[in-house]
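Comments concern the structure below.
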Amino acid sequence: MGPPAGIFLASVRDGVMQLPAPLRRYCESERWTLFRFVVTSDDRLTIQPVLPGDASPFHASLGADGQLWIPAALRAQVSLAEQSVMLRIEDGAIAMYLRKVFDTLGFRP
């Protein structure tokens, strides 16, 4: 299964992001269950899968229901609150764009 094309909206509530079904299915097909978060800028996070054999620490695991918890310190660092975010697969990871950049990228939910 190849990565799903396009951009997906996901909501963040109480520190938990619900992955859209196409992204969840892709993560499951690639066996992405553990993730680390990298702050790329003030309005973007990269959600990197921790692959088998990788001894690096991880921040969260994907729940069977497609929920992914985002650590409070990371949410505070990028001012991620109760909001919608934009997601897409980029370079073997999930790119998360916060609502404040939607206009810059030409999208308005």
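Every number here is computed from the coordinates shown, using simple stated rules; none is lab data. Quick caveat: nothing in here was measured; it's all calculated off a predicted structure. Ideal geometry is used to build each Cβ from the backbone, glycine not excepted, and the neighbour counts take in all protein chains shown.
Brief remarks on what is shown
- Simple Cβ-charge dipole of the chain, Lys/Arg +1 and Asp/Glu -1, about Cα centre, in debye nearest 20: 160
- Residue among Gly53, Gly66, Gly15 with the largest mean-square fluctuation in a Gaussian network model of the chain, springs linking Cα atoms under 10 Å: Gly53
- Within the chain, helix-based [θ] at 222 nm, where runs of 4 or more DSSP H residues each add -39,500 (n - 2.57), nearest 500: -4500 deg cm²/dmol
- Residue with peak Gaussian network fluctuation, the chain [Cα springs, cutoff 10 Å], from Ala21, Ala60, Ala73: Ala73
- For the chain, the Kirkwood radius over C-alpha pairs fed into Stokes-Einstein at 4 °C and 1.567 mPa s yields D = 93 µm² per second.
- Quotient of C-alpha Rg and 2.2 N^0.38 Å, computed over region 42-85: 1.29
- GNM flexibility winner over the chain from Ser79, Ser41, Ser56 (Cα, springs under 10 Å): Ser56
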